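As structure tokens, the structure follows; a few thoughts come after it.
The values are calculated or read from the model by the stated rules, or taken from the named source; none is laboratory data. Here the structure is a predicted model, which is why all the values come from computation and not from measurement. Here the Cβ is made from the backbone with ideal geometry for all residues, glycine too, and neighbour counts use every protein chain on show. Heavy atoms of the whole protein, side chains included, go into the accessibility calculation; ligands, DNA and RNA do not. Shrake-Rupley method; radii C 1.70, N 1.55, O 1.52, S 1.80 Å.
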Amino acid sequence: MVVGDRQREGVAPRGRVAVPPYPSPARVHRAVAEGEPQVNRRVAAYARYSSSAQKVTSIADQLRNIRKLVDQEEDVLDDKFIFTDEAVSGTTEAGRDGLRQLKEAIFHRPAPVDALVVDDLSRLGRNMTESLLFQDDCDYYGIELITVDGLRSSNPAANLGFKLKSLIDDVYIQDLRHKTLRGLEGQIHRGFSAGGRTFGYRSVPVLDPAGRTDSTGNIIVVGKKNVIHEPEAEVVRRAFELRLEGRSLANIVEALATSNAPAPNPGKRPGRPRGWSLSSLQYLLKNRMYRGEVIYKRDRFVKNRQTGKRVARRRPESEWIVEPRPDLAIVPRDVFDRVQAMTAARNGELRRGSGGRYKGTEPGRCYSPYLLSGILKCGVCGAAMVIYGGKQNEHNGKVYRGYQCPSRKRRGSSTCTNTLTISQEKIEAAVVGEVRKKLLSPENIAFYEAQFRKAFDKARKDSGADARAKEIERQLADTRKAIENLLAFLKTNGGSESVARELAQAEARERELTAELAGLTSEGRTVFPPPAKAIRDGLMRLQGTLYADSVAARELLKTIVGELKLTPRLPAADVAATGTDGTTAGAGLQKDESRSPCYEVTGSAFLPNLLIPLGSGGPSVVAGAGFEPATFGL
């Protein structure tokens, strides 16, 4: 068996109780033969099953087998060293919290256990590379890997067995994937559904036409077939009609949401309500199934090893399987094709690429010119707040814009109940004002001064100014010493033209070095930072500085405040909300603002909870309960 240094020597680190050395198999047999007491091993256990379609009792069955082996060998299995993963694939270690906790618990020195027991090697995973790396980690930390079916890493001959078993598990999952795809492809050719849900259709079981029954006496289901679901199909037809009328996608979404039309299922995204969105409408308008074509093998899915999530990769169109199904057509082919032509023309005008994204853009990047885009989130549904408006006042020429929740605006009240709009000017002034207030604290001013000093000193050091100054001082000292010697010679020996010329050259050199040294000194070998007043003046101009480059400023603000959630609050006059200290919600607001709806700003560790009234007047902010001062003006 592979044993760590701690087990070999039986010495505990300082501050720990010494643990008897873990016995090798040879020592165990010798101890039994000689009548010495045998030391029990400490072991850990891991169990996993792959799919929610499997029985939850699989974990209990695996642990029963593991405990039976542990009892037979008189080992010790503490409950705190039992780790499990339920309904998680073994093709990658990502997303397996039980395996992660196992590694954190046992993979350190000294190892807290002597062995790890699993029911079968495939429970550790079905990826050969990751399985072998896990075995190497066990070997490094001196932990024996044992399977109930007889594999032991302490046996030198088992090394080949571990590798072969890992290879078999890996090949099994690849072969299973191939056979599953082959079976689904056969179902498509037979006119059945290959799975998945499409808006406008329902899946119904198809019974065996020969009437064969299963073991329970029920007729066997040979597959499932898609049929048109008229209530949803009518919505599909309406969406195509509105698009042909020239309506924008946003306008169609708003029309469907306003009429409470049935919406596509949000899928497996937790917390996301059913409702219409631009993405769901775009997918609907380009789904060829609505013109009577079922497409299979359009995408292949690969799993990200870091996240464990499946990512779709588009196959070449030559690999697609397209089955004509006129019985599933919801809209006429010519209507579908005209909508596709309109979309292609519009994409060309907007310079969109084939993937639907603007050409030259990067996924996940915010290109909005507004300061808080991507930072403000709706506190009700979590959507990113966006700018609406842009109308210009005919009297003062000012353009008014406001942040709103796009889910409520585009998808209706079924997805979000937040109907409030907050002025762009007010929310940006409030956030920047709070940031400025934090930055203007005496502690931060002192910090800025210290950072200025470090930055200037580092710049001087990097430029070599200090080294040059030291060299000039050395040369200047030598020159002045030479001048003193020459003057002493003239006093002692009288006038000499050569000595006088040499003295003049030395004095000129002295003036040269002195001037160069003075130039370096004026740049400041001892750097003095800007005065505190200058720093404060710069921070007072913070908002204008940020607007000069709003894109870069937005990224900077994200690092400072993170995401800010805006949660609507009802007027204090309408809600009898009293805090634990007896103060009424909204205390400290202006009289005309206390009856106005407010936004509560939360979610940032840098900024306290803020209440921003939406009433008329200049922007004002109220610190949330427990924060002082209660009010301040911007």
Identify, from the list ASP78, ASP61, the residue that is of a type in the set (D, E, K, R), over 19 Å from CYS138 (Cα atoms), open to solvent by 30 Å² or more (accessible area, probe 1.4 Å) and modelled with pLDDT of 90 or more.
ASP61
Near pairs, Cβ below 6 angstrom, 6+ apart or cross-chain, from segment 273-297 (of a type in the set (Val, Ile, Thr)) to any residue that is assigned to a helix (DSSP H, G or I) and modelled with pLDDT under 90:
none
Any residue in segment 257-273 that is open to solvent by less than 90 Å² (accessible area, probe 1.4 Å) and outside any loop (DSSP other than H, G, I, E, B)?
yes
Is it the case that segment 144-164 has a residue that's surrounded by 11 or more Cβ atoms within 10 Å (Cβ to Cβ), farther than 20 Å from ARG41 by Cβ and in contact (Cβ under 8 Å) with a residue 24 or more places away in the chain?
yes
Restricting attention to segment 224-237, the residues that are open to solvent by less than 70 Å² (accessible area, probe 1.4 Å) and touching a Pro at 6+ places or on another chain (Cβ under 8 Å) number exactly 2
If the requirement is being open to solvent by 60 Å² or more (accessible area, probe 1.4 Å) and at positive phi, which of these qualifies: GLY217, GLY196, GLY200, GLY211?
GLY196
Can you work out which of the residues in segment 398-444 that are among the β-branched types (Val, Ile, Thr) and modelled with pLDDT of 80 or more is farthest from VAL386 (Cα to Cα)?
VAL435
Matching residues in segment 416-445 (closer than 16 Å to VAL601 by Cα, in a helix (DSSP H, G or I) and among the β-branched types (Val, Ile, Thr)) number 4
Quick check on segment 165-186: of everything there that is open to solvent by less than 70 Å² (accessible area, probe 1.4 Å) and among the charged types (D, E, K, R), which residue is nearest to THR129 (Cα to Cα)?
ASP170
If you take the residues in segment 55-76 that are in a helix (DSSP H, G or I), β-branched (Val, Ile, Thr) and under 39 Å from the mean Cα position of the chain (by Cα), which one is nearest to GLU144 (Cα to Cα)?
ILE66
Mind counting the residues in segment 64-75 that are among the aliphatic types (A, V, I, L, M) and open to solvent by 50 Å² or more (accessible area, probe 1.4 Å)?
0
By my count, helices (runs of 4 or more DSSP H) wholly in segment 485-580 with at least 2 residues that are at pLDDT 80 or above and either surrounded by 13 or more Cβ atoms within 10 Å (Cβ to Cβ) or touching a helix residue (DSSP H, G or I) at 6+ places or on another chain (Cβ under 6 Å) (or both) are 497-523, 550-561
The conditions are (1) of a type in the set (Gly, Ala, Ser); (2) assigned to a loop (DSSP other than H, G, I, E, B); (3) modelled with pLDDT under 90, and SER166 fails exactly one of them. Which is it?
(2)
List every residue pair whose Cβ atoms sit under 7 Å apart, with the two residues 6 or more apart in sequence or on different chains, where the first one lies in segment 194-216 and is closer than 30 Å to PHE240 by Cα and the second, anywhere, is open to solvent by 70 Å² or more (accessible area, probe 1.4 Å) and aromatic (Phe, Trp, Tyr).
none
Right, VAL204: over 37 Å from the mean Cα position of the chain (by Cα) and either assigned to a loop (DSSP other than H, G, I, E, B) or not acidic (Asp, Glu) (or both) or not?
yes
Report the residue count in segment 428-455 for those that are of a type in the set (A, V, I, L, M) and exposed (fewer than 14 other Cβ atoms within 10 Å of the Cβ).
3
Restricted to segment 171-201 and to residues being assigned to a helix (DSSP H, G or I) and of a type in the set (Gly, Ala, Ser), the residue farthest from LYS286 (Cα to Cα) is GLY183
Take the residues in segment 87-111 that are within 16 Å of GLN62 (Cα to Cα) and modelled with pLDDT of 90 or more; name whichever of them is surrounded by the fewest Cβ atoms within 10 Å (Cβ to Cβ).
GLY98
Quick one: how many residues across segment 276-295 are over 22 Å from ARG333 (Cβ atoms), touching a helix residue (DSSP H, G or I) at 6+ places or on another chain (Cβ under 8 Å) and surrounded by fewer than 16 Cβ atoms within 10 Å (Cβ to Cβ)?
1
